[in-house]
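Working notes, structure below.
The values are calculated or read from the model by the stated rules, or taken from the named source; none is laboratory data. Remember, it's a predicted structure, so these values are computed and weren't measured experimentally. Neighbour counts are summed over all protein chains in view; Cβ atoms, including those assigned to glycine, are modelled from backbone coordinates with ideal geometry. Side chains are part of the model used for accessible areas, which takes the heavy atoms of the whole protein and leaves out ligands, DNA and RNA. Shrake-Rupley method; radii C 1.70, N 1.55, O 1.52, S 1.80 Å.
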Amino acid sequence: DAGITQSPRHKVTETGTPVTLRCHQTENHRYMYWYRQDPGHGLRLIHYSYGVKDTDKGEVSDGYSVSRSKTEDFLLTLESATSSQTSVYFCAIRRDASQETQYFGPGTRLLVL
Amino acid sequence: AQTVTQSQPEMSVQEAETVTLSCTYDTSESDYYLFWYKQPPSRQMILVIRQEAYKQQNATENRFSVNFQKAAKSFSLKISDSQLGDAAMYFCAYISRQGGSEKLVFGKGTKLTENP
């Protein structure tokens with residue numbers, strides 16, 4: 001157990017509505033990540049953070065924004081959800097002393113109608 | 001761009017036997033890390049094993065071991081004495097720091113099923 005929780009775990013929303021997913025960690029790690037998982041694509045990085053207010057884009061960042069105002073929370077926002085953003089979203093942390101290994105949260109299943 | 005290829009979409013194994021999952025990757029870097037993650041039906045991503053590229057010795061974790069061939073850019077996972085609980089999707093992954101940013105590049109996965 002890497003001390004990572006995600007909320008909500010499941011969400012159904014409509015096209016055009018804003019959606020915010022939350023990732024919370026209990027261990028004060030510096031690095032946090034958001035991925036999406038789709039059939040046939042494995043996991044793809046959306047955004048990551050390397051400290052409070054320090055974030056960078058991943059390979060599929062279009063349509064997503066992130067914020068990190070506290071070490072323990074990393075928020076992923078879909079400003080105007082689209083059906084193509086229907087996916088399973090995973091948060092991950094990197095334990096600074098773990099030699100690059102990332103540990104994942106339980107995932108959030110998002111359905112955009 | 002870095003890529004990770006898992007050429008076997010599905011594999012099956014008899015209980016108590018050994019199975020090997022294949023993974024190849026493409027990179028121009030010399031220092032990197034490779035991983036195998038397991039994803040059971042619960043969808044939780046579970047780290048199985050990790051390999052540092054600078055280490056020549058293959059990593060092992062109980063029944064799980066890897067065959068790391070750096071020159072061939074190959075990183076296969078061997079599961080010995082297979083158990084029913086090993087049934088899952090298995091993802092090969094690579095850490096990249098190209099261009100000053102970091103990312104974990106995943107393969108598309110191999111679905112392992114167990115035959116009792």
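Here region A:17-33 is the region considered, the condition is being β-branched (V, I, T) and surrounded by fewer than 14 Cβ atoms within 10 Å (Cβ to Cβ), and the residue that is nearest to the chain's Cα centre (by Cα) is A:T26.
Set side by side, the residues B:D81, B:D31, B:D26 differ, and just one is open to solvent by 70 Å² or more (accessible area, probe 1.4 Å) and at positive phi, which is B:D81.
Residue count for region B:47-71 under the criterion of being open to solvent by less than 90 Å² (accessible area, probe 1.4 Å) and among the aromatic types (F, W, Y): the result is 2. Would you confirm, using the coordinates I've provided, whether A:T13 is among the β-branched types (V, I, T) and open to solvent by 40 Å² or more (accessible area, probe 1.4 Å)? So A:T13 does not fit the description; no. The set of residues from region A:83-113 being open to solvent by 60 Å² or more (accessible area, probe 1.4 Å) and modelled with pLDDT of 95 or more comprises A:S83, A:S84, A:R109, A:L111, A:L113.
Restricting the first member to region A:41-62 and to residues that are at the interface with another protein chain (Cβ under 7 Å from one of its Cβ atoms) and without any contact (Cβ under 8 Å) to a residue 24 or more places away in the chain, and the second to residues that are surrounded by 15 or more Cβ atoms within 10 Å (Cβ to Cβ) and assigned to a loop (DSSP other than H, G, I, E, B), the beta-carbon pairs closer than 6 Å and six or more apart or on different chains are A:G42/B:G107; A:G42/B:K108; A:G42/B:G109; A:L45/A:G58. Listed by position, the strands (runs of 3 or more DSSP E) contained in region A:34-82 that have at least 1 residues being open to solvent by 60 Å² or more (accessible area, probe 1.4 Å), within 16 Å of A:G105 (Cβ to Cβ) and not β-branched (V, I, T) form an empty set.
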